[in-house]
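Have a look at the structure below, then the notes.
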Amino acid sequence: MYSDLKKSIQNVYQKTGIDVFLFSPEGKFLFSAAGERPAFEIRPFSGVMQDENAGATFFKVMYRGAEYTCALKGIGAVEKNYAYFLSDAIENAAGKALNLPRSEFIRRILLGECSADDVQTYSIKYSVPEQPCFALAISSDVKSSELTSFLAQYAGGDADTAVVVTGKDCAFIKFMGEDFEYQSSADFATFLARSLFEEVGIKVHIGVGGTVRHFEEIAASYRQANTALRMSGIFNSKGEVHTYREYVLIKMLEDLPEAKLSEYLSVLLEGDAKELLKDEDMVNTAEEFLENNLNVSETSRILYMHRNTLMYRLDKIEKVMGLNLRNFSDAVTFRVITILYKLT
């Protein structure tokens, strides 16, 4: 397990163009950032050694209690200085996660900045259970440090963790042990949002990531949670809790090149249709109609709008865009159009 060493050597190569050959403690060749295999073998040495026959400079790095050998081409004062410098640089970069505070360690894991070895180290160090878990992305107007202190009160065990990720955005990792009493991750998030508001007056918005079987996959769950939180803001979604599943279609479209999105939108929009989309009242009425399962009476009641006014707006959309929102397939097309419009 030497992925951190490989990553450090790769970074050295990308930043300096210096290719470092990595050998196991037993002297077996393991890795070269340039993909080149060395034409020399390792023989015993200490400190930094320059071998004229091999035309290379050798040095040692310590990693997780084992001594690895590194080599770089060339011999001379410059290469010797490189060896001393790279020895410290590679060791420090490869082992940087080991001495991090827990909050910073978990923050980097969630952001995908840690290797599989680092995640395993965290799991061992903090006795992470072998249980399914999920991540929540949480935002509010209170200080993030204050929010995490409140979130910690809802931890079901030592493994559940609340952490500041960036700015006012926090994350909460929840494990689903045998005592998990909620129907789903979204159910827990709803309980959390309601409790924070009722007990301490904090209003939050929560994105819910998918449940993963092992903690090693928690970064993927957090990415999903963060996407759900971000999308709920872009599309002014109602409610405080939103799951990634709600926005999978939108995420699929967002991942397409913008030029392709614009192409699709130009096909779907004709005449004055684009101008109609700039009318917030008209679009909000249509979206409320879609949210209420194309039910005219229910939409009129929620919007405090006369039925005739609602019908007039729906008729106008049909006239301008050629879409009858009372028809399911046309309603789906309108929804796709509004998504494309907002994404572009």
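Considering only segment 1-39, state which residues are touching a residue at least 60 places away in the same chain (Cβ under 8 Å) and assigned to a helix (DSSP H, G or I).
Hits for segment 1-39 are Ser3, Asp4, Leu5, Lys7, Ser8, Ile9, Asn11, Val12.
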Residues of segment 272-315 being more than 18 Å from Thr338 (Cβ to Cβ) and either touching a His at 6+ places or on another chain (Cβ under 8 Å) or open to solvent by 100 Å² or more (accessible area, probe 1.4 Å) (or both), which ones? Ser300, Arg301, Tyr304, His306, Arg307, Asn308, Tyr312
Given (1) assigned to a helix (DSSP H, G or I); (2) open to solvent by less than 80 Å² (accessible area, probe 1.4 Å); (3) in contact with a strand residue (DSSP E or B) (Cβ under 9 Å, 6 or more places away or on another chain), Gly210 misses just (1)
Consider Ile202 carefully, then state whether it is in contact with a strand residue (DSSP E or B) (Cβ under 6 Å, 6 or more places away or on another chain) and assigned to a strand (DSSP E or B). no
From the residues in segment 11-29 that are within 32 Å of the chain's Cα centre (by Cα) and buried (at least 16 other Cβ atoms within 10 Å of the Cβ), which one is modelled with the lowest pLDDT? Val12
Identify the single condition in (1) open to solvent by 80 Å² or more (accessible area, probe 1.4 Å); (2) not aliphatic (A, V, I, L, M); (3) not in a helix (DSSP H, G or I) that Ser237 does not satisfy, given that it satisfies every other one. (1)
Consider Gly47 carefully, then state whether it is in a loop (DSSP other than H, G, I, E, B), in contact with a helix residue (DSSP H, G or I) (Cβ under 6 Å, 6 or more places away or on another chain) and on the phi > 0 side of the Ramachandran plot. no
By residue number, the members of segment 304-344 that are out of contact with any helix residue (DSSP H, G or I) (no Cβ under 6 Å at 6 or more places or on another chain), polar (S, T, N, Q) and assigned to a loop (DSSP other than H, G, I, E, B) are Asn327
Can you report the number of residues in segment 259-271 which are at positive phi and open to solvent by less than 60 Å² (accessible area, probe 1.4 Å)? 0
Take segment 181-199 and flag every residue that is in contact with a strand residue (DSSP E or B) (Cβ under 8 Å, 6 or more places away or on another chain) and either aliphatic (A, V, I, L, M) or surrounded by fewer than 16 Cβ atoms within 10 Å (Cβ to Cβ) (or both). Ala186, Ala189, Leu192, Ala193, Leu196, Phe197
Search result, residues across segment 140-154 that are surrounded by fewer than 16 Cβ atoms within 10 Å (Cβ to Cβ) and within 19 Å of Pro101 (Cα to Cα): Ser145, Glu146, Ser149, Ala152
Which numbered condition in (1) of a type in the set (A, V, I, L, M); (2) within 20 Å of Val241 (Cα to Cα); (3) under 20 Å from the mean Cα position of the chain (by Cα) is the only one that Leu147 fails? (3)
Among the residues of segment 68-92, which ones are over 15 Å from Gly17 (Cβ atoms), open to solvent by 90 Å² or more (accessible area, probe 1.4 Å) and in contact (Cβ under 8 Å) with a residue 24 or more places away in the chain? Tyr84
In segment 262-269, is there at least one residue being within 22 Å of Gly233 (Cα to Cα) and either among the aliphatic types (A, V, I, L, M) or touching a helix residue (DSSP H, G or I) at 6+ places or on another chain (Cβ under 7 Å) (or both)? yes
Are any residues in segment 161-180 modelled with pLDDT of 90 or more and open to solvent by less than 20 Å² (accessible area, probe 1.4 Å), and if so, which ones? Thr161, Val163, Val165, Cys170, Ala171, Phe172, Ile173, Lys174, Phe175
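The values are calculated or read from the model by the stated rules, or taken from the named source; none is laboratory data. Predicted model, so just to flag it, every value in this text is computed and none were measured. Don't worry about glycine lacking a Cβ; one is built from the backbone with ideal geometry, like all the others, and counts go over all protein chains shown. Each accessible area value is taken on the protein alone, full model and side chains, heavy atoms only, with ligands, DNA and RNA left out. Shrake-Rupley method; radii C 1.70, N 1.55, O 1.52, S 1.80 Å.
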